[in-house]
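What follows is one structure encoded as structure tokens, with my remarks underneath.
Quick note: the coordinates plus some simple rules give every number you see, no bench work behind them. Just so it is clear, the model here is predicted, and its values are computed rather than measured. Note that we place each Cβ from the backbone using ideal geometry, even for glycine, and neighbour counts take in every protein chain shown.
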Amino acid sequence: MRFIDSAKIKISAGHGGPGCVSFRREKFAPVGGPDGGDGGRGGDVFFTSTTGLGTLQDFRFKRIYKAENGHHGSGTNKAGRDGEDIEIKIPVGTVIKQAETEEVLFDFTEPNQRWLAVKGGRGGKGNAHFVSSTFQAPKMAQPGEPGQDLELTLELKLLADVGLIGYPNAGKSTLISRMSAAQPKIADYPFTTLVPNLGVVFVEEFQHYVVADIPGLIEGASEGAGLGHRFLKHIERTQILVHLLDGAHLLEFTTRPDDEPGANAKHGADELARLYKNIRKELHAYNPELTSKQEFVVINKADLFYGQDGFLDEVIKHFQKKIKSQAPVQMLSSATGEGVRDLSLTLWRALKGEL
Ligand SMILES: Nc1nc2c(ncn2[C@@H]2O[C@H](COP(=O)(O)OP(=O)(O)OP(=O)(O)O)[C@@H](O)[C@H]2O)c(=O)[nH]1
Ligand SMILES: [Mg+2]
């Protein structure tokens, strides 16, 4: 999914330094020729993309970037020093637009791309340049050229690697808040999440991936029921889906009186399988490619079954039979955090193609 973080900044290149008016003065040649040096060039402003930065946060605090002006030329034909360039580091995925026209000036899609955004002004020529046979003592020099400036908008479009899907209330937002530093709204009513949330999951230093939590899906979502379908497009570009099942849906089955041992788990699994298939149907109806993505099925709220040893294992066994898949089903508790790190690492391995 592409997501946007944005900032507006102003950049200015340095002005060229003015050229110098000067005449040689030596002990035995009191009226020497012109020897005013040229002004230095103004500094340029460059942007460089790096993978080390995940946000445009820095640009909230510093909005104006100006490269140094070129220095004055001086006598004895000495050129002024050039102004220093500046390099602005931005995260990969940043698009730079001209603020007013929104014209895209540069799209940083890879690390270490470097773009010259504005060029410093040329230094003015000193009077030494203006001598000619008829004009021996020029008393003028050029001013430096002004540096260019630009107002820019920077937009960061993150690409989510993993999409979190499931019914409303399954605990998707709670899970992303555990996996990452994202702090979405969490509540015990459906459709708490109204817009997608992104979270960056750190695996090790400098290794991370992006997870997207989207609003809950229900039957008919692909045709517009609930909030889900508007957001399905955001998971179209993810590599992996995590299908989160709500363990609370199993609660009524743990208390149902039944003679046959294990039958409760079977009824519960039937219910989860029904809900699971509903969502798969919606994904398929929206775009069949969504159902061919690598998927991890996870039962959340395992903490509700602490003390009921083996119940969830039984549920998983029946569930796999019901959906005719032996793919592993994980269980975890977003509330206590149990199993969350395991899932984070499993997803990382899958993204690397190891699973
Ligand atoms: N017991 C328990 N409750 C949980 C767990 N995870 C989430 N919840 C609760 O379930 C409710 C729904 O959680 P959310 O994270 O808002 O669910 P969601 O899937 O994002 O819901 P929508 O945004 O409406 O689609 C909240 O009351 C959570 O506190 C869990 O692991 N165990
Ligand atoms: Mg939510």
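Calculated on the alpha-carbon coordinates, the convex hull of the range 2-157 measures out at 127 cubic angstrom per residue.
Working from the alpha-carbon coordinates of the range 38-123, get Rg over Rh, Rh being the Kirkwood radius.
Result: Rg/Rh = 1.10.
Sparse packing (at most 15 other Cβ atoms within 10 Å of the Cβ) combined with a DSSP loop state is found for the following GluC sites (Glu not before Pro) in the range 46-100: 84, 100. Ellipticity at 222 nm from helices only: DSSP H runs of n ≥ 4 in the chain, each -39500 (n - 2.57), divided by the residue count, give -5500 deg cm²/dmol. The HN-Hα couplings worked out from phi for the range 95-103 by the Karplus form 6.51 cos²θ - 1.76 cosθ + 1.60 (θ = phi - 60°) are 10, 10, 10, 6, 4, 6, 8, 6, 5 Hz, whole numbers, x standing for Gly and Pro. Close amide H contacts of residue 169 (hydrogens built in the peptide plane, cut-off under 5 Å, sequence separation of 5 or more or a different chain): 191, 192. Our summary gives the chain a relative contact order of 16 percent, counting only alpha carbon pairs under 8 angstrom and 6 or more residues apart. Taking every alpha-carbon pair under 8 Å whose residues sit at least 6 apart, the range 160-351 reaches a relative contact order of 23 percent. Here's the list of lysines a cross-link from residue 139 could span, going by alpha-carbon distance under 18 Å and ignoring same-chain residues fewer than 8 apart: 78, 125. Students often forget the sequence filter, so: which aspartates and glutamates lie under 18 Å Cα-Cα from residue 8 once same-chain residues fewer than 8 apart are removed? Output for residue 8: 58, 87, 100, 102, 103, 107, 149, 151, 155.
Normalised by the number of residues in the range 2-157, the mean separation of alpha-carbon contacts (under 8 Å, six or more apart) gives a relative contact order of 38 percent. Dividing the convex hull volume of the alpha-carbon atoms in the chain by its residue count gives 175 Å³ per residue. Under a cut-off of 15 Å between alpha-carbon atoms, report the aspartates and glutamates in cross-link reach of residue 322, not counting same-chain residues fewer than 8 places apart. Residue 322 reaches 270, 271, 313, 314. Farthest toward the positive end of the dipole of the chain, out of 186, 234, 50, is the Cα of 50, where the dipole comes from beta carbon charges about the Cα centre.
Amide hydrogen proximity for residue 16: with H placed 1.01 Å from N in the peptide plane, the residues at 5 or more positions away or on another chain lying under 5 Å are 42, 70, 121, 122, 145, 147.
Considering only 16, 129, 86, and ranking their Cα positions along the charge dipole of the chain that arises from unit charges at the beta-carbon of Lys, Arg, Asp and Glu, the one farthest toward the positive end is 129. For trypsin sites (Lys or Arg not before Pro), the sites in the range 13-121 that DSSP calls loop and that have at most 14 other Cβ atoms within 10 Å are 25, 27, 62, 63.
Applying a DSSP loop filter and a limit of 12 other Cβ atoms within 10 Å to the chymotrypsin sites (Phe, Trp or Tyr not before Pro) in the range 175-227 leaves 206. Which pairs, out of 185/281; 62/233; 89/119; 266/301, put more than 24 Å between their alpha-carbon atoms? Violating the 24 Å Cα-Cα cut-off are 185/281; 62/233.
Here the chain is assigned +1 on the Cβ of each Lys and Arg and -1 on the Cβ of each Asp and Glu. Its dipole about the Cα centre then comes out at about 1380 debye.
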